[in-house]
Amino acid sequence: MVGAYASANPARSRRVVVTALGTTQTLAWASSYYLPAILADPIAVGIGVPRSAVFAAFSVALLISAFAGPWIGRAIDRNGGRGVLVLSNLVLAGGLVALGAATGWISLFAAWAVIGVGMALGLYDAGFATLTALYGAKARGAITGITLFAGFASTVSWPLSALLNDWLGWRETCLVWAALHLAIGLPINRLLLPVPANREPIARTPFAAPGWKPYREMFLLAFVFAAAWFVTGAMAAHLPRLLERAGATPLQAIAAAALVGPAQVAARIVEFLFLRKIHPLVSARIAVTLHPLGAAALAVAGAPGAAMFAALYGAGNGLLTIARGTLPLAIFGPEGYGARTGLIGAPARTVQAFAPFVFGLMLDAMGLWVIVVSAALCLAALLALLALRVPSDR
């Protein structure tokens, strides 16, 4: 299977592939993961359900994505990712149409269940596995490249969704996102993404999924990303409110929280320019250290430390997103990459689904002291990363 990597359609430049996949990743994230932040309230009012029901349906989508991830990763290992990503556009479009037609609890949850399948087919894990199927051990730079594009997904999603909702309504907004998948995402994935070289011989070779072996490294990585993604899910839902608990005004809290996106992209640029020549374990260890440093600044300085906290959290999250793709590649190699990342990512997506609810309860009970919990999770992830060894042959 080694011959399947690195020589995938040499006429199709890596820059074209990264630009194409970065564009479709941005669309996939913008039309799924970031959608409830803007449309939860109008959807709830429009179909007569509590706002919490919309987020509960979204949590179901994340859980479905977690459970489907390993199966989809194995499919990409066998045949490459182009077909899977094309299917993601069709499924996400169908789910968005169903969401736009929702009239109550059942149709709401059914629509988000379909979107959850589309998220498993089309978000980062599938994109990373697609690049690894194409470029093998040399996929790190390409993985970083698509995260630079998709780092602006919320920047695209939130203003555009708000504008469309004000102009057309939330149902029509869902239909516009669905149309973008069919008019832009699907053609790009189908026409600009190559298939891995020697795909047919690979498909005829018996394929054995790697499972959880080697257990120590797999379980340590699963813990690292579960702990980190709990913090990510919590901050995505509660960061402005947390900063207000530290003494910031609502305007100051929103302004500080707005630094997360630029900090993510800035950290990814630093990784691309300066850190890509060192082992991903190093950048991952740096990443999980930044949130506790920001928490210390917020605890000591209060409201004046809000901007530093948001920037350090955003930078750490930006690096961790890349590490989620590059660390398994560096430790285990390209063989069975999709199946491994699907297994490693399943616990992370599961805890991320429950993080907003659990962290909200802790924030109500503990106030600002809740940052001790999030910082401790990141420090525990750091200990797990320190327990991982750098393979001598990678």
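The values are calculated or read from the model by the stated rules, or taken from the named source; none is laboratory data. Small disclaimer: the values here were computed from a predicted structure and weren't measured. Because the Cβ atoms are built from the backbone with ideal geometry, glycine has one as well, and the counts that use them run over all protein chains shown. Ligands, DNA and RNA are excluded from the accessible area calculation, which covers all protein heavy atoms including side chains. Shrake-Rupley method; radii C 1.70, N 1.55, O 1.52, S 1.80 Å.
A few remarks follow.
- Segment 215-253 - residue that is free of Cβ contacts under 8 Å to residues at least 60 places away in the same chain and among the hydrophobic types (A, V, I, L, M, F, W, C) and, of those, nearest to residue 286 (Cα to Cα): 219
- Cβ-Cβ under 7 Å pairs, at least 6 apart or on other chains, segment 346-369 side under 16 Å from residue 120 (Cβ atoms) and open to solvent by less than 10 Å² (accessible area, probe 1.4 Å), far side among the hydroxyl-bearing types (Ser, Thr, Tyr) and in a helix (DSSP H, G or I): 353/59
- Residue in segment 313-326 that is within 17 Å of residue 370 (Cα to Cα) and not in a loop (DSSP other than H, G, I, E, B) present: yes
- Filter pass, residue 338 being in contact (Cβ under 8 Å) with a residue 12 or more places away in the chain and either under 23 Å from the mean Cα position of the chain (by Cα) or part of a helix (DSSP H, G or I) (or both): yes
So that you can scan it fast, the table gives a plain yes or no per residue for (1) open to solvent by 30 Å² or more (accessible area, probe 1.4 Å); (2) more than 21 Å from the chain's Cα centre (by Cα); (3) under 21 Å from residue 126 (Cα atoms):
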site: 268; (1), (2), (3): no, no, yes
site: 274; (1), (2), (3): yes, yes, no
site: 284; (1), (2), (3): no, no, yes
site: 287; (1), (2), (3): no, no, no
site: 318; (1), (2), (3): no, no, yes
site: 326; (1), (2), (3): no, no, yes
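- Test result for residue 354, closer than 18 Å to residue 320 by Cβ, more than 15 Å from the chain's Cα centre (by Cα), at pLDDT below 90 and not aliphatic (A, V, I, L, M): no
- Of all the residues in segment 272-287, those that are at pLDDT below 90, in a helix (DSSP H, G or I) and touching a helix residue (DSSP H, G or I) at 6+ places or on another chain (Cβ under 8 Å) number 2.
- Residue match in segment 306-314 (condition: open to solvent by less than 30 Å² (accessible area, probe 1.4 Å), in contact with a helix residue (DSSP H, G or I) (Cβ under 6 Å, 6 or more places away or on another chain) and within 30 Å of residue 80 (Cα to Cα)): no
- Selection status of residue 236, of a type in the set (A, V, I, L, M, F, W, C), in contact with a helix residue (DSSP H, G or I) (Cβ under 8 Å, 6 or more places away or on another chain) and farther than 13 Å from residue 312 by Cα: yes
- Within segment 230-249, the set of residues being open to solvent by less than 20 Å² (accessible area, probe 1.4 Å) and either closer than 15 Å to residue 355 by Cβ or modelled with pLDDT of 95 or more (or both) comprises 231, 232, 233, 234, 235, 239, 242.
- Test: residue in segment 122-138 that is more than 18 Å from residue 327 (Cβ to Cβ), modelled with pLDDT under 95 and of a type in the set (Phe, Trp, Tyr): no
- You will find that of 29, 71, the residue that is within 15 Å of the chain's Cα centre (by Cα) and open to solvent by 20 Å² or more (accessible area, probe 1.4 Å) is 29 and no other.
- Checking each residue in segment 161-179 for being open to solvent by 50 Å² or more (accessible area, probe 1.4 Å) and under 20 Å from the mean Cα position of the chain (by Cα) picks out no residue at all.
- Subset of segment 181-209 [at pLDDT below 90, open to solvent by 30 Å² or more (accessible area, probe 1.4 Å) and not acidic (Asp, Glu)]: 195, 198, 199, 201, 203, 204, 205, 206, 207, 208, 209
- Some residue of segment 150-170 being under 15 Å from residue 93 (Cα atoms), of a type in the set (A, V, I, L, M) and free of Cβ contacts under 8 Å to residues at least 60 places away in the same chain: no
- All of (1) open to solvent by less than 60 Å² (accessible area, probe 1.4 Å); (2) within 17 Å of the chain's Cα centre (by Cα) hold for residue 298 with one exception: (2).
- For residue 270, the criteria (1) touching a Cys at 6+ places or on another chain (Cβ under 8 Å); (2) closer than 18 Å to residue 147 by Cα hold in every case but one, which is (1).
- Some residue of segment 108-119 being free of Cβ contacts under 8 Å to residues at least 60 places away in the same chain, outside any helix (DSSP H, G or I) and not charged (D, E, K, R): no
- When restricted to residues that are open to solvent by less than 30 Å² (accessible area, probe 1.4 Å) and not in a helix (DSSP H, G or I), segment 41-68 contains 1.
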